[in-house]
1. How about the stretch 195-209: which of its residues are assigned to a helix (DSSP H, G or I) and touching a Ser or Thr at 6+ places or on another chain (Cβ under 7 Å)?
2. Which residues, taken from the stretch 137-153, are out of contact with any helix residue (DSSP H, G or I) (no Cβ under 8 Å at 6 or more places or on another chain) and touching a residue at least 60 places away in the same chain (Cβ under 8 Å)?
3. Which one is farthest from the chain's Cα centre (by Cα) among residues in the stretch 271-294 that are surrounded by 17 or more Cβ atoms within 10 Å (Cβ to Cβ) and of a type in the set (A, V, I, L, M, F, W, C)?
4. Based on this model, can you work out whether LEU232 counts as more than 19 Å from the chain's Cα centre (by Cα), assigned by TED's automatic domain parsing to the domain that holds ASP284 and among the aliphatic types (A, V, I, L, M)?
5. How many residues, within the stretch 78-109, are touching a helix residue (DSSP H, G or I) at 6+ places or on another chain (Cβ under 8 Å), outside any helix (DSSP H, G or I) and touching a residue at least 24 places away in the same chain (Cβ under 8 Å)?
6. GLU39 versus (1) under 29 Å from ASP9 (Cβ atoms); (2) within 26 Å of the chain's Cα centre (by Cα); (3) among the charged types (D, E, K, R): which is the lone unmet condition?
7. Let me confirm something: among LEU35, LEU64, LEU24, which residue is in the same structural domain as LEU107 (by TED's automatic domain parsing), within 19 Å of VAL189 (Cβ to Cβ) and modelled with pLDDT of 90 or more?
Amino acid sequence: MSGMWTSFDAYLDALRAIAEPTRLRLVRLCAQGELTVSELTRILGQSQPRVSRHLKLLQDAGLLTRFREQHWVFYRIPEATGTSQWVQDVLAAIPADDQITLDQQRLDEVRTARAKLSETYVETEVPDWLQLHAFHGDEQRFADAVTRVLSDAPVGHLLDIATGTGRMLRMVGALADSGVGIDLSKKMVMVARSALADAGLSHLTVRQEDMYQMRFPTNHFDTVTIDQVLYLASNPDALIAEAARVLKPSGRLLLVAFTAAHHAQSSAPKVSIRLDDITQWLTDAGLRIETHTTLPGSVLDISLLVASPRTRTPT
């Protein structure tokens, strides 16, 4: 964890910040996933101005980070592995306490409320979209295939583009050091955020983001995944180009798409993508296909393509 703090004074500031009861409770809560100020206020039972002051001190000490989604501001522990591990080590030493137990009960209530909103949204507004998952066949077979194609190198820092319900994040997230799922839909972000909390993947986060103009720096992610998004994209070539921009020179892109089944037994929905088109989009983005795995289906095949920059540097 050397180099995690810029100076001895910065390290002392972090110790002072976390060594206060309310702030320690806040860090413990935010270590389990991002939470808004209003949610934290409800859990702690303190005034919003007081909670906001504590959050500001923790942010200044580098123990919390914040991001905005429209009118909401979320707080969580930093994605940096060193800081996150230091915080987790401190939290692991906290003894059982009635206040901590009450905080956890109230956090669970917040998560339950989120889950109910997410369930209502999925059931009423995106059932047709979810029906496409039926063409994946056995979900475990698909998850195993994803794990296999990514097994030759560490996942590292992960980005899942147009994450939807967070399915790919749940499959790959346990293999990642840290990760972000993005979606333009505020409601889908809510669904994915709830799913990650249920799965205990607190080292991952979900953000509302435009997949064509992501606010991430160039060469930022070790692994980028695009799961069944191309048939929904108005400009799939621009999407792949943007994915290539944020991918490290040593990184890889996993692209999952429905492709025409060689022995289709019935007519398929118009969601398949021509492999020639995908290959051309990848080439235009400066990527080359390293592996191509096909999962045969009776209506649609599933193609899992792993691509890397043509100027790829060794991991």
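1. Passing the criteria: only ALA195.
2. Once the filter is applied, which keeps residues that are out of contact with any helix residue (DSSP H, G or I) (no Cβ under 8 Å at 6 or more places or on another chain) and touching a residue at least 60 places away in the same chain (Cβ under 8 Å), the stretch 137-153 yields GLY137, ARG141, ALA145, ARG148, VAL149, ALA153.
3. LEU275
4. In short, yes.
5. Adding up the residues that qualify gives 1.
6. (1)
7. LEU35
Let's see how each residue does on (1) crowded, with 22+ Cβ neighbours inside 10 Å; (2) of a type in the set (D, E, K, R); (3) touching a Cys at 6+ places or on another chain (Cβ under 6 Å):
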position	(1), (2), (3)
LYS186	no, yes, no
GLY200	no, no, no
ARG207	no, yes, no
VAL224	yes, no, no
PRO236	no, no, no
LEU247	yes, no, no
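The values are calculated or read from the model by the stated rules, or taken from the named source; none is laboratory data. As the structure is a computational prediction, the values presented were derived from the model and not from experiment. Backbone-built Cβ (ideal geometry, glycine too); neighbour counts: all protein chains shown.
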